[in-house]
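This report refers to the structure that appears directly beneath it.
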Amino acid sequence: MVRVKICGVTNGADLRAVADAGADAAGVISEVSVDTPREVDLAQAAELTSTAPPFLTTVLVTMPETPEDAVDAVRTVTPDVVQLHGEFSPDEIGYIRAETETKVVTVVDYDEPERARELDEAADALLVDSTGDDGGGGTGETGDWKAAAELRRDLVSPVVLAGGLTPENVAEAAATVEPFAVDVASGVERSPGAKDHAAVSRFVRNAGRALGEAEEVYE
């Protein structure tokens, strides 16, 4: 089973649509150093996570300058998971996990397999994304799925696949990589920062086809 995270949720209506579509997790972006229409302030992030229905995992996506900033943000928002963008060491990730008692997902670029191996087991999962020069995700650029599949086989930690995913390509991507989860932001939007609810539903539904696609690929 491939799990699904819909990232960049900015309002209650979109959060409900994510839950109604059957997604496993909703990502809320706050305290990032990049310019994105998907960012909300910490107070809004806390409100969104607090109103999420049962069994929908809430994820704070953030780019803190220091581990202490990450801890402060998590304590304010109280998500189920924190997704960290930035050059944090395994020890710093361990500090954030210990201080917040919250699961940590760290982000690495498709072009950083050695960093992924360095952080393997330091975090609770690794998210492989097509990041920009500023380190932010949501670029809409598709990564090298075959390279990601090779990396996934090398790692102990669960791998979350991101980068340029859409309702049209998610089944093929998941079948190729066989990740723990897939993650989408811009690929299910009707305008920057606003989700297309029909596209969200199609993405979740098509991600569920990944097992069938994998059987076709490997037959």
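All of the numbers you see were taken from the coordinates with simple rules; none came from a lab. Not measured: the values here are computed from a predicted model. Every residue, glycine among them, receives a Cβ derived from its backbone with ideal geometry; neighbour counts consider all protein chains shown.
For the peptides 175-183, 31-39, the ranking by mean Cβ contacts within 10 Å, running from highest to lowest, is 175-183, 31-39. Working from label points 7 Å from Cα in the Cα-to-Cβ sense, the Glu87 to Asp111 distance is 1.5 nm.
Each Lys and Arg adds +1 at its Cβ and each Asp and Glu adds -1 at its Cβ; summed about the Cα centre, the chain shows a dipole of about 1000 debye.
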